[in-house]
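Structure, as structure tokens:
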Amino acid sequence: MRTRTMLITAATLAAGVLLAGLTIPVGGQDKKTQPSEKTKPYVYVPDTVSPEFQEHLMKLPDPALRPSFPGTRDMEGWERFHQTREKDLEPRVESVLKRYEPTIAARKLDGIPVLDIKPKGWKESRKLLVYLHGGAYTMASARSSLIKSVPAADATGYRVVSVDYTVAPRAKWQQITDEVIAVVQALIKEGQPLKDIGMFGDSAGGGMAPGVTLKMRDQKLGMPAAVVLWSPWSDITETGDTYVTLKHAEPTYRYDKILKPSADAYADPKDQKNSYVSPVYADYSQGFPPTLIQGGTKEIFLSNFVRQYQALDIAGRTVKLDLYEGLPHVFQGQLPDAPESRLAMKKMREFLLQHLGK
């Protein structure tokens, strides 16, 4: 980890440990953070997952040992965490770009920065995905999230427009969701029909994607043709069975130390059950696009996935809940070459071909 001054060395190093846990490097963590062979893994490692994920799970540390995120008003602390994460992930970004060889153009749509990603061998098509990256609403960028958007583009064959939205607490949910809508509207003005646009998000982006879609619906702006959610954080309050039952089995997050500071940075407590913020509370009876929800059974967000599915299903919407045994948060981005990740990507492609088309 790099530091800016001697005064923040300890804090930045602590942040680095935490951020390494938020996005696990492909193939496992750095040897310095791996437990010794004699140390019992923090997380239970089932024999029902692939050998690749068994090895990966054995290396994951207890998230309770990581430092807390900054306070809501600690702008300098958030910026330090954000920049540390970006630097930490850059080698992985470079590796992904070298491996997949996409064509990427940095653009602005209605003033909002985006990365326009075309997979290698892309065939001319009007179909595309608008991608909303994860990072607890407070971390990551379109650049650092290329480690997920590029493999997804490659696996599905779709062009992906990754929105580099303003992260909290520099902006709250009202502005951030409006930025995404502005990007979609700009694409439409460029001649991109809304029926040819899908929306895709992971983690925080997986909560934002349905929130944005609902906001578009309610503003009479239409809706994308399909929605794909990886491990969606679709209720940012600590509500749901698995926030409790999986609290000490979750290898990625602790709500009190990591998620709550981010939730408060993104939305004031009075707004945290607003359906545009936590879309499990939405009324889907007025319509919603076909939706694919993917996640693992080790996630405290598991109740989010189930509740999101039920909210859509009860309203008569087309929705598929696609769960993976024994896997952690956004597993597709942790080990994209593992059998489970390849299967999930295949199902994502098939779902999009069915509801968005070629």
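The values are calculated or read from the model by the stated rules, or taken from the named source; none is laboratory data. Everything numeric here is computed off the predicted structure, so don't read it as measured data. Backbone-built Cβ (ideal geometry, glycine too); neighbour counts: all protein chains shown. Remember, those area values only see protein heavy atoms, side chains included, never the ligands or the DNA or RNA. Shrake-Rupley method; radii C 1.70, N 1.55, O 1.52, S 1.80 Å.
At-a-glance table
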read-out: Percent carbon-and-sulfur accessible area, the chain, ignoring ligands, DNA and RNA, probe 1.4 Å; value: 52 percent
read-out: Net length gained if the chain between Gln354 and Ile314 were fully extended (0.36 nm per residue, minus Cα distance); value: 12.2 nm
read-out: Cross-link partners of Lys108 among aspartates and glutamates (Cα-Cα below 14 Å; sequence separation of 8 or more within a chain); value: Asp116, Asp164, Glu179, Glu190
read-out: Equivalent-ellipsoid semi-axes of region 290-345, from the Cα gyration tensor, Å, largest first; value: 22, 13, 7
read-out: Per residue accessible area in Å² of region 90-212, where ligands, DNA and RNA are left out and the probe is 1.4 Å; value: 34 Å²
read-out: Burial ranking of peptide ranges 230-237, 62-69 (average Cβ count within 10 Å, highest at the top); value: 230-237, 62-69
read-out: Rg/Rg_ref, region 46-201, where Rg_ref = 2.2 N^0.38 Å and atoms are Cα; value: 1.16
read-out: Listed peptides 286-296, 166-176, 241-251 by packing density, highest first (mean Cβ within 10 Å); value: 286-296, 166-176, 241-251
read-out: Cα gyration tensor shape for region 161-247, rounded if a/c is under 1.5, else prolate or oblate; value: prolate
read-out: For the chain: relative contact order, % (alpha-carbon pairs under 8 angstrom, 6 or more apart); value: 18 percent
read-out: Calculated percent of Cα pairs over 25 Å apart (choose from [x] 55; [y] 49; [z] 66), label; value: [y]
read-out: Per principal axis, descending, Cα span of region 231-342 in whole Å; value: 38, 33, 22
read-out: Filter on Lys98/Lys195; Lys189/Lys215; Lys148/Lys247; Lys215/Lys273; Lys220/Lys358; Lys195/Lys320 - keep pairs with C-alpha separation over 22 Å; value: Lys98/Lys195; Lys148/Lys247; Lys220/Lys358
read-out: DSSP-loop trypsin sites (Lys or Arg not before Pro) across region 36-99, with at most 15 other Cβ within 10 angstrom; value: Lys38, Arg73
read-out: Length released on extending from Val93 to Lys108, taking residue separation times 0.36 nm less the Cα-Cα span; value: 3.3 nm
